[in-house]
Amino acid sequence: MIKTMAIILAAIMLASTGFIVSADAGTIVPGHEKQSKKDKDNNGIPDKGVTVNGHYTSVYAYDNLGDWYWDLGDGRIQGTVDSVEELDSSTLTVCDYVVNFRGNFENDPFMDSGWIQNHINCHGYDDNGHYNYLIVHETDPRYRDNPEWSIWGTWEYHVLTESGIGNLVRPMVPP
């Protein structure tokens, strides 16, 4: 249960597709570096009313000693160590993320509407699972306004699959 919660927490943080403004790194929406034509004020964030598609990869790794490493896929590294190699190899678990999204940023650093999909493949000491999340905004026709699967207020999980368990968000069956 703890490892699942850690994976879900990492997925939530990654799914927010937010980013930090840095003088060195610039301000670029992950997976969206080459679309400056949709950024008239050149702040690295798609302009208001512009729908963008994005794709990037990320790595989250941890060991049983409590250390962790996270390459967010946009140039930022977080964690208690500076590289995966610094983690205890005998208790190492590595999760590879593929993140796809489509939506509007409305000229601020967080996605305001659309959908976010995370594919997560873990391997190692305590997790060899595969996870797939699809999170939709209330403006998406798939949104069901189900408080049990709500995240960030106006977003909810539409698909939340875990290998060996299935879709935790049971799809609605039409009458």
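Return the total of residues in segment 76-102 being within 14 Å of the chain's Cα centre (by Cα) and buried (at least 18 other Cβ atoms within 10 Å of the Cβ).
Of the residues in that region, 4 qualify.
Here is a yes/no grid of residues against (1) part of a strand (DSSP E or B); (2) crowded, with 18+ Cβ neighbours inside 10 Å; (3) charged (D, E, K, R); (4) modelled with pLDDT under 95:
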{"site": "120", "(1), (2), (3), (4)": "yes, yes, no, no"}
{"site": "123", "(1), (2), (3), (4)": "yes, no, no, no"}
{"site": "135", "(1), (2), (3), (4)": "yes, yes, no, no"}
{"site": "145", "(1), (2), (3), (4)": "no, no, yes, yes"}
{"site": "153", "(1), (2), (3), (4)": "no, no, no, yes"}
{"site": "157", "(1), (2), (3), (4)": "yes, yes, no, yes"}
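Here are the criteria: (1) at pLDDT below 95; (2) within 22 Å of residue 160 (Cα to Cα); (3) among the β-branched types (Val, Ile, Thr). Tell me which single one residue 51 does not satisfy.
(2)
Looking at the structure I just gave you, is residue 174 at pLDDT 90 or above, outside any strand (DSSP E or B) and of a type outside the set (Lys, Arg)?
So residue 174 fails the test.
To keep it simple, each residue is scored yes or no on (1) part of a loop (DSSP other than H, G, I, E, B); (2) of a type in the set (Ser, Thr, Tyr); (3) surrounded by fewer than 16 Cβ atoms within 10 Å (Cβ to Cβ); (4) touching a Leu at 6+ places or on another chain (Cβ under 8 Å).
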| site | (1), (2), (3), (4) |
| --- | --- |
| 55 | no, no, yes, no |
| 70 | no, no, no, no |
| 74 | yes, no, no, no |
| 111 | yes, no, no, no |
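Only one of 22, 58, 83 is over 24 Å from residue 137 (Cα atoms) and modelled with pLDDT of 90 or more. Can you tell me which? Break it down into steps so the answer makes sense when it comes.
Details: 22 fails: modelled with pLDDT of 90 or more; 58 fails: over 24 Å from residue 137 (Cα atoms).
Answer to the check: 83.
The values are calculated or read from the model by the stated rules, or taken from the named source; none is laboratory data. Keep in mind that this is a model prediction, so the values were computed, not measured. Quick reminder, even Gly has a Cβ in these numbers, built from the backbone with ideal geometry, and neighbours come from all protein chains shown.
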